[in-house]
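Student: Before we start, here is the structure in question, set down as structure tokens.
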Amino acid sequence: MLAMERTLILLKPDCVQKHLVGSVIARFEEAGFAIRGCKMIQLTDALLAEHYAHIADKPFFPEVADFMKETPVIALALEADGIIDTMREMLGVTNCLEAAPGTIRADWGSKEEGKNMMCNIAHASDSAETAAVEIKRFFAEDELFL
Ligand code: ADP
């Protein structure tokens, strides 16, 4: 039996700029995911240093940080049985040119050279442990429901 899980989604500035927020959330609702939290946030360097600690030493990090601050992002806490793996599959791999057909990153991410790794529409937690930390990072207790 699959465990009931929560995941943290960030709809990135490219998603907001391309007016795809509704389309992406529609996919999540069609998949039966429950929305437990939803808010718009302007990311800061401090939040990004925490959220992207695992890539903070990479040469591309400053560019990623600038990109993530271009517009506010939409943070979602979503819940469903086995949602961590299902969501990573729905999203596709980091590189939009290599993401499987029909995934969010393949359908809507950047295919432009130099942007195809970075402008990939959404972030999703990579494990249940990470999700717990990430949901806490972006939502106060009273911003989550049910
Ligand atoms: P994912 O978001 O697929 O879990 P990572 O955690 O490895 O990927 O990276 C975090 C984010 O940093 C990616 O979603 C992407 O926006 C950006 N990124 C990762 N690798 C690169 C790269 N080589 N060049 C530019 N941006 C990158």
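Student: Could you tell me whether any residue of the stretch 74-85 is under 15 Å from the mean Cα position of the chain (by Cα) and free of Cβ contacts under 8 Å to residues at least 12 places away in the same chain?
Tutor: Yes: the stretch 74-85 contains one or more residues that are under 15 Å from the mean Cα position of the chain (by Cα) and free of Cβ contacts under 8 Å to residues at least 12 places away in the same chain.
Student: Among the listed residues THR103, THR94, THR130, which satisfies the condition of being at pLDDT 95 or above and loosely packed, with under 15 Cβ neighbours inside 10 Å?
Tutor: Step by step, each of THR103, THR94, THR130 is checked, and only THR94 is at pLDDT 95 or above and loosely packed, with under 15 Cβ neighbours inside 10 Å.
Student: Taking the stretch 100-129 as the search range and keeping residues that are without any contact (Cβ under 8 Å) to a residue 12 or more places away in the chain and not charged (D, E, K, R), which one is farthest from THR7 (Cα to Cα)?
Tutor: If we take residues in the stretch 100-129 being without any contact (Cβ under 8 Å) to a residue 12 or more places away in the chain and not charged (D, E, K, R), then GLY114 is farthest from THR7 (Cα to Cα).
Student: Taking only the stretch 53-68 into account, find how many residues are open to solvent by less than 60 Å² (accessible area, probe 1.4 Å) and either more than 12 Å from the chain's Cα centre (by Cα) or at pLDDT below 95 (or both).
Tutor: Summing the residues that are open to solvent by less than 60 Å² (accessible area, probe 1.4 Å) and either more than 12 Å from the chain's Cα centre (by Cα) or at pLDDT below 95 (or both) in the stretch 53-68 gives 6.
The values are calculated or read from the model by the stated rules, or taken from the named source; none is laboratory data. Since the model is a prediction, treat every value here as computed from it, not as a measurement. Reconstructed Cβ throughout: ideal geometry from the backbone, glycine too, with neighbour counts over all protein chains shown. Please note that ligands, DNA and RNA were not included when accessible areas were found on the heavy atoms of the full protein model with its side chains. Shrake-Rupley method; radii C 1.70, N 1.55, O 1.52, S 1.80 Å.
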